[in-house]
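So the structure is just underneath, and the comments pick up after that.
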Amino acid sequence: MSKKIRWGILGAGKIAGKFASDLRLVENAELTAIAARNPERLRIFSDEHHPSYAFGSYEELVNCPDVDVIYVATPHGMHHEHVMLCLKHGKAVLCEKAFALNLAQARDMVELAREKKIFLMEAFWTKFLPQYEKVMEIIGSGRIGEVKLIQADFGFKASEPKARRLYDPLLGGGSLLDIGIYPVFLAQAILGKPTQVHAFVTPFESGMDEQCVMTMKFAGGALAVLSSTFAADTPVEAMIAGTEGRIVMRNRFHNAVGTIELIPSFAKATESGPEPIEVHREAGYGYQYEARHVNECLRKGLSESPVMTHADTLMLMDTLDRIRNVCGVLYEVDDV
């Protein structure tokens with residue numbers, strides 16, 4: 001592999017642009033190529049980010065010998081097709097979340113990567129952010145005791161006309177896979193796989209969920225109350241309550257600008273109040289952290305991340321399937 005890790009991006013939407021901007025902050029990495037089927041998006045992206053190659057087809061990208069790894073940034077309804085295309089052409093892949101539409105697709109992608117010994121990771125950027133790492137450090141230290149309850153939400157009022165990707169089944173529409181995945185991820189990262197799942201949705205006319213509320217129970221009796229919505233703005237916060245105190249993740253808990261408070265239990269509240277937790281932040285949107293990790297994995301010759309493992313992705317997809325099955329939110333690729 002060359003001295004610099006040479007990145008290609010498949011898809012030229014908003015998140016692709018943010019990732020490309022942050023890639024400039026990553027040592028020994030360069031944006032080599034972009035591929036998009038929409039000529040205008042391709043032109044706008046190329047004018048802003050100046051890749052060496054600008055391809056009008058994904059096939060040209062996966063056949064480019066100057067690309068080491070491809071970031072798949074298309075809607076999740078297309079992830080299976082696009083990841084499989086990359087893997088079949090020997091390209092390492094960082095695939096945006098949601099990783100796939102269902103567990104069957106995710107298994108298919110992971111099995112091919114393992115068979116060909118090619119690196120594949122879900123781009124769950126939250127797991128690599130400093131504030132997430134700090135929260136996990138606090139929990140591991142025992143400062144809030146045993147975690148008993150997690151509450152997390154993610155919601156925004158979608159502007160009109162609503163983007164097709166939000167409601168179209170063919171694009172993997174629905175609030176759960178688009179934004180509800182963050183509260184589900186956080187609960188599982190802390191408590192593991194739920195033993196029980198209950199959920200309710202308010203559907204679009206397309207059948208996809210405009211709103212989703214989930215309750216989960218975990219081994220040991222811990223609970224989680226989670227929600228996602230395209231119908232209203234919500235705080236986008238997370239509260240992790242333990243026997244000795246709680247952590248509150250504020251200001252869009254899932255991203256790089258979120259803040260953290262450590263709040264003691266009521267019994268200790270007279271001794272000390274809420275404690276703001278300082279976290280060092282770099283410039284940029286926050287995608288550079290996961291990009292750096294991928295670079296490190298590739299330089300070590302790994303085919304799987306030790307941080308965001310294939311098992312992590314498959315467990316998350318399994319829980320998302322369980323939620324959708326309870327609510328009757330189905331895609332054409334689901335085996336029902």
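The values are calculated or read from the model by the stated rules, or taken from the named source; none is laboratory data. Because the structure is a prediction, the values reported are computed rather than measured. For neighbour counting, all protein chains shown are included, and Cβ atoms are generated from backbone atoms with ideal geometry for every residue, glycine included. Areas reflect the complete protein model, heavy atoms only, side chains present, ligands, DNA and RNA absent. Shrake-Rupley method; radii C 1.70, N 1.55, O 1.52, S 1.80 Å.
At a 1.4 Å probe, what is the % contribution of carbon and sulfur to the accessible area of the chain? Please report the intermediate quantities before stating the final value.
Working: 7570 of 14690 Å².
C and S fraction of accessible area: 52 percent.
Taking amide H positions as placed 1.01 Å from N in the peptide plane, with prolines and chain starts having none, which residues 5 or more places from residue 92, or on another chain, fall under 5 Å of its amide H?
Sorted by chain and number, the residues that satisfy this are 70.
Let me know the Kirkwood hydrodynamic radius for the chain, please, with Cα pairs as the basis and the value in Å to one decimal. Don't jump to the answer; show the numbers that get you there.
Working: mean 1/r = 0.0484 Å⁻¹.
Computed over the chain, the radius equals 20.6 Å.
Greater than 28 Å separation of Cα atoms is the criterion. Which listed pairs, 4/162; 88/217; 4/117; 88/157, meet it? Show your work: numbers first, answer last.
Values: 4/162 40 Å; 88/217 39 Å; 4/117 21 Å; 88/157 39 Å.
Cα-Cα > 28 Å for 4/162; 88/217; 88/157; rest within.
Report the antiparallel proportion of the DSSP beta bridges in the chain as a percent, rounded to a multiple of 5. All intermediate terms of the calculation are to be shown ahead of the outcome.
Working: 34 of 62 bridges.
Counting only bridges with both partners in the chain, antiparallel ones make up about 55 percent.
Can you compute the radius of gyration and Dmax for region 1-150, using only the Cα atoms, both in Å?
17.2, 54
Treating the angle as unsigned and between 0 and 90°, give the value, to the nearest 10°, between the Cα long axis of helix 14-23 and the longest Cα principal axis of the chain.
Once rounded, one gets 90 degrees.
Semi-axes of region 186-336's equivalent ellipsoid from the Cα gyration tensor, sqrt of 5 times each eigenvalue, largest first, rounded to whole Å? Write down the numbers at each step before the final one.
Numbers: eigenvalues 163, 123, 59 Å².
The answer is 29, 25, 17 Å, longest axis first.
Quickly estimate the mean residue ellipticity at 222 nm for the chain, helices only: each DSSP H run with n ≥ 4 gives -39500 (n - 2.57), and the total goes over all residues, rounded to 500. Each step should come with its number before you reach the end.
Values: 10 runs with 107 residues, N = 336.
Counting only the DSSP helices, I get -9500 deg cm²/dmol.
Quick check: residue separation of residue 281 and residue 14 times 0.36 nm, minus the Cα distance between them. What number comes out in nm? Show your work: numbers first, answer last.
Details: separation 267, 0.36 × 267 = 96.12 nm, distance 2.20 nm.
Extra length available between residue 281 and residue 14 comes to 93.9 nm.
Beyond 22 Å, what share of the Cα-Cα pairs of region 90-159 remains, rounded to the nearest whole percent?
On the way: 1181 of 2415 pairs.
Pairs farther apart than 22 Å: 49 percent.
Go ahead and run the numbers for FRET between residue 159 and residue 252, Cβ-Cβ distance against an R0 of 30 Å, rounding to 0.05. Write down the numbers at each step before the final one.
On the way: r = 18 Å, r/R0 = 0.59.
So, using R0 = 30 Å, E works out to roughly 0.95.
For region 126-185, what size does the Cα cloud have along each of its three principal axes, sorted from largest down, in whole Å?
The Cα atoms of region 126-185 stretch 46, 23, 20 Å along their principal axes.
Average the reciprocal distances over every distinct pair of alpha-carbons in region 1-73, invert the result, and give the Kirkwood radius in Å. Write out the running numbers ahead of the final one.
On the way: mean 1/r = 0.0844 Å⁻¹.
Taking the inverse mean of 1/r over all distinct Cα pairs, region 1-73 comes out at 11.9 Å.
Stick to the Cα atoms of region 176-246, pair each with every other, and give me the Kirkwood hydrodynamic radius in Å at one decimal. Let's see the in-between values first.
On the way: mean 1/r = 0.0766 Å⁻¹.
It works out to 13.1 Å.
Please compute the per residue accessible area over the chain with all protein chains in place, 1.4 Å probe, rounded to a whole number of Å². List each step's numbers first, then the result.
Details: 14690 Å² over 336 residues.
That works out to 44 Å² for each residue.
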